[in-house]
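Below is one structure; the comments refer to it alone.
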Amino acid sequence: MDYKKTIAQRIASIINIDAKEIEKMIEIPPDAALGDFALPCFKLSKAMKKSPKLIADELVSSIDKEGFEKIDSVSGYLNFFIEKAAFTEKTILNIISEGNCYGHSNDGAGKTITIDYSSPNIAKPFHVGHLYSTAIGNSLYKLFSSQGYKAIGINHIGDWGTQFGKLITAYDRWVDKDALEKNPINEMLRIYVKFHEEAEKDPELEDIARQHFKALEDGCPHETELWKKMKDLSMKEFNKVYDMLGIKFDSYAGESFYNDKMDAVIDELEAKGLLTESNGAQVVNLDAYNMPPCIIKKSDGATIYATRDLAAAIYRDKTYHFYRNVYVVGSEQTLHFKQVFTVLKLMGYDFADRCIHVGFGLVKFEDKKLSTRKGDVIFLEDLLNEAVSRSRELIENKNPNLENKDDLAKKIGIGAVIFTYLKNNRERDIIFNWNEILNFDGETGPYVQYTYARGRSILRRASQEDFSAAPDFTDMVTPEEFELSKLLSAFNNAINLAIEKYEPSIVTRYVIDVAKSFNKLYNMHPILSCENKGLKSARLKLVEASTIVIKNALSLLGIEVVEKM
């Protein structure tokens, strides 16, 4: 039973107000003693021209009470107390029946969501900051897919732009070809940093770099050959990281993919009278929207990010006919996307209203912002390897007799890092602390994975007789059992809210709450030692349902479970 919907429908049949509007008013009280659901009748007072108390009193006397232990009226609130045993039984059996599909729906069937995420820059390190976009985007991909949407994961690789002029300039002067073969990203980072150091002493290098990029745009052989080499070497390194994370994309159409599509965009902007000249550059004036002009072509004739993003959005609309076009890009790019979406709107593209920028914060180590130009970066591959190594050490200390320790260490270590990125509101900065990330007792990935493993251990240790006994849910009405059941029943609500807000942390916080609730139950009530066979069987069903929800929730975050820890 969908209790909110049921309550809303029953009230709507009495007072003739739309059930969907009533459903929005229904709350979950902060204290379970006040009810499982509540309708504040203050919100109905104006429409019904009655006091909230009188409305609540009238409703409590006439509403259908089937499925509820009691419904009462208190100070203008209509409070609902559901039948605990019946609710718990239905919830648990439904979860077990649906298994890996529990929490899924077809609500988004027929709708396509394009999600632009990860998007590292060619010839630069895949550093810890890139995982923010990668983890959020991958989770959104899984969340939308779970609700029946057709998700298209797009890795809009940064394989074009003025930085290639700088890299080509640096390559011609300072590259160590042996080092490039052995460790390509390190060597490309070294010469990129050296370029900026030398350019501070010799500003003419910046002009040379711009000339090289213009030559690349014009298809000159030397620049094109070097660009392809850097791209191939970089993608090989990036794929190592994606393999570690278990992430794949549906499209790798990067910035260069739109080279032959930008002239049409520029022509269209000109034809629609949107382009103006500003200091030799071609721009779209956005004064009316309290924004600086959106640069389309620089004074040297080169295009920039905005030109390519306009071309990309138009291409995605024509190719995928998207319901939503999502960009998982750092919050520092908020103005850029506002400009791009506004220009699309001025061009007459209504889909601009369906383009969404999902911003996120920074990743810091000791309050230091990462900078590729200064060489101050931490490679993501190194971070993940460090997490795996530390997890392996913890496993050796805690349970040295475990089998498949390398596989467990990988799942725990990488899962811990991803969990950290997705634990809090995405707009908050992340400050790394290894002791917190790998803590088995805090609000961490290892804690949730350990809770799952604990549940699976209970199920393995239960006898065939325990499972074959008929479950008796009538006695399973303790606050801990009921609260855990209520949490498990709310999984789909957490998913839908995460989708609505483009916020995976809602699912992360949810699964933390499930783990806490499960461990509270485990510590307060006997399961395997319970002498009541029917109750014991019912509690084992609750354990099984809990492990299903934890596994399904972690899967939506891109994290694997472990059966033993």
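The values are calculated or read from the model by the stated rules, or taken from the named source; none is laboratory data. Remember, it's a predicted structure, so these values are computed and weren't measured experimentally. Cβ atoms come from the backbone with ideal geometry, glycine included; neighbour counts cover every protein chain shown.
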Within the range 100-113, does at least one residue satisfy the condition of being under 25 Å from Ala135 (Cα atoms), of a type in the set (S, T, N, Q) and touching a strand residue (DSSP E or B) at 6+ places or on another chain (Cβ under 9 Å)? yes
Among the listed residues Asn259, Asn279, Asn239, identify the single one that is on the phi > 0 side of the Ramachandran plot and either touching a His at 6+ places or on another chain (Cβ under 8 Å) or polar (S, T, N, Q) (or both). Asn279
If you go through the range 334-361, how many residues are assigned to a helix (DSSP H, G or I) and either surrounded by 16 or more Cβ atoms within 10 Å (Cβ to Cβ) or touching a strand residue (DSSP E or B) at 6+ places or on another chain (Cβ under 7 Å) (or both)? 14
Criterion first (over 36 Å from the mean Cα position of the chain (by Cα), farther than 22 Å from Asp475 by Cβ and surrounded by fewer than 16 Cβ atoms within 10 Å (Cβ to Cβ)) does Ser51 satisfy it? yes
For the range 261-275, enumerate the residues that are surrounded by fewer than 17 Cβ atoms within 10 Å (Cβ to Cβ), touching a helix residue (DSSP H, G or I) at 6+ places or on another chain (Cβ under 8 Å) and assigned to a helix (DSSP H, G or I). Lys261, Ala264
Conditions: (1) without any contact (Cβ under 8 Å) to a residue 60 or more places away in the chain; (2) farther than 17 Å from Val549 by Cβ. Ala494 meets all but one. Number of the miss? (2)
Residue pairs, Cβ under 9 Å, 6 or more apart or interchain, first in the range 132-155 and under 15 Å from Asn325 (Cα atoms), second among the basic types (Lys, Arg) and assigned to a helix (DSSP H, G or I). List them. Ala151/Lys142; Ile152/Arg316; Ile154/Arg316
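What residue, of Tyr447, Tyr421, is out of contact with any Gly (no Cβ under 6 Å at 6 or more places or on another chain), part of a helix (DSSP H, G or I) and closer than 21 Å to His525 by Cβ? Give the steps one after another, and end with the answer.
Working: Tyr421 fails: closer than 21 Å to His525 by Cβ.
Only one candidate qualifies: Tyr447.
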All but one of (1) assigned to a helix (DSSP H, G or I); (2) crowded, with 20+ Cβ neighbours inside 10 Å; (3) at pLDDT below 95 hold for Ser485; state the number of the condition that does not hold. (3)
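Specify which of the listed residues (Leu422, Leu438, Leu394, Leu380) is more than 21 Å from Val561 (Cβ to Cβ) and either acidic (Asp, Glu) or touching a residue at least 24 places away in the same chain (Cβ under 8 Å) (or both). Can you show your working first?
Numbers: Leu422 fails: more than 21 Å from Val561 (Cβ to Cβ); Leu438 fails: more than 21 Å from Val561 (Cβ to Cβ); Leu394 fails: more than 21 Å from Val561 (Cβ to Cβ).
Leu380 is the lone residue from the list that is more than 21 Å from Val561 (Cβ to Cβ) and either acidic (Asp, Glu) or touching a residue at least 24 places away in the same chain (Cβ under 8 Å) (or both).
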When you check Leu459 against the structure, is it assigned to a helix (DSSP H, G or I) and in contact (Cβ under 8 Å) with a residue 60 or more places away in the chain, yes or no? yes
Checklist (1) free of Cβ contacts under 8 Å to residues at least 12 places away in the same chain; (2) of a type in the set (D, E, K, R); (3) buried (at least 18 other Cβ atoms within 10 Å of the Cβ) applied to Glu500, failing item: (3)
What number of residues within the range 396-418 are buried (at least 22 other Cβ atoms within 10 Å of the Cβ) and either among the polar types (S, T, N, Q) or in contact with a Pro (Cβ under 8 Å, 6 or more places away or on another chain) (or both)? 3
Which one of the conditions (1) out of contact with any Leu (no Cβ under 7 Å at 6 or more places or on another chain); (2) within 20 Å of Tyr320 (Cβ to Cβ) does Ile115 fail to meet, given that it meets all the rest? (1)
Mind listing just one residue for me: the one in the range 9-23 that is within 11 Å of Ile63 (Cβ to Cβ) and not aliphatic (A, V, I, L, M) and, of those, surrounded by the fewest Cβ atoms within 10 Å (Cβ to Cβ)? Ser13
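For the range 506-541: of the residues being in contact (Cβ under 8 Å) with a residue 24 or more places away in the chain and among the polar types (S, T, N, Q), which is surrounded by the most Cβ atoms within 10 Å (Cβ to Cβ)?
Ranking the candidates gives Thr508 first.
Looking at Glu386, is it under 21 Å from the mean Cα position of the chain (by Cα), at pLDDT below 95, charged (D, E, K, R) and in a helix (DSSP H, G or I)? Full working, then the answer.
Numbers: under 21 Å from the mean Cα position of the chain (by Cα): no; at pLDDT below 95: yes; charged (D, E, K, R): yes; in a helix (DSSP H, G or I): yes.
Against the criterion (under 21 Å from the mean Cα position of the chain (by Cα), at pLDDT below 95, charged (D, E, K, R) and in a helix (DSSP H, G or I)), Glu386 does not qualify.
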Flag if Val561 is within 24 Å of the chain's Cα centre (by Cα), touching a residue at least 12 places away in the same chain (Cβ under 8 Å) and assigned to a loop (DSSP other than H, G, I, E, B): yes
Residue by residue through the range 224-242, note down the ones that are modelled with pLDDT of 95 or more and acidic (Asp, Glu). Glu225
Only one of (1) touching a Pro at 6+ places or on another chain (Cβ under 6 Å); (2) over 21 Å from Ile157 (Cα atoms); (3) among the aliphatic types (A, V, I, L, M) fails for Ala179. Which number is that? (1)
Result of the Cβ filter at 7 Å on the range 85-107, keeping first residues that are in a loop (DSSP other than H, G, I, E, B) and partners that are at pLDDT 95 or above and among the aliphatic types (A, V, I, L, M), at least 6 apart or interchain, is Tyr102/Ile95; Tyr102/Ile548; Tyr102/Val549; Gly103/Ile495
Looking at the structure I just gave you, is Pro125 closer than 28 Å to Tyr510 by Cα and either assigned to a strand (DSSP E or B) or not aliphatic (A, V, I, L, M) (or both)? no
Of the conditions (1) of a type in the set (Ser, Thr, Tyr); (2) touching a residue at least 24 places away in the same chain (Cβ under 8 Å); (3) exposed (fewer than 14 other Cβ atoms within 10 Å of the Cβ); (4) closer than 30 Å to Val507 by Cα, Thr6 fails just one. Which one is it? (3)
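Any chance the range 488-503 includes a residue that's more than 24 Å from Asn106 (Cβ to Cβ), under 21 Å from the mean Cα position of the chain (by Cα) and modelled with pLDDT of 95 or more? Quick ask: steps written out before the conclusion?
Going through the range 488-503, the residues more than 24 Å from Asn106 (Cβ to Cβ) turn out to be none.
Among the residues of the range 488-503, not one is more than 24 Å from Asn106 (Cβ to Cβ), under 21 Å from the mean Cα position of the chain (by Cα) and modelled with pLDDT of 95 or more, which makes the answer no.
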Would the range 131-141 turn up any residue that is more than 13 Å from Asp116 (Cα to Cα) and surrounded by fewer than 22 Cβ atoms within 10 Å (Cβ to Cβ)? no
Every residue from the range 526-538 that is farther than 11 Å from Ala462 by Cα and assigned to a helix (DSSP H, G or I): Lys533, Gly534, Leu535, Ala538
Which ones in the range 54-84 are in contact (Cβ under 8 Å) with a residue 12 or more places away in the chain, within 21 Å of Pro30 (Cβ to Cβ) and charged (D, E, K, R)? Glu69, Asp72, Lys84
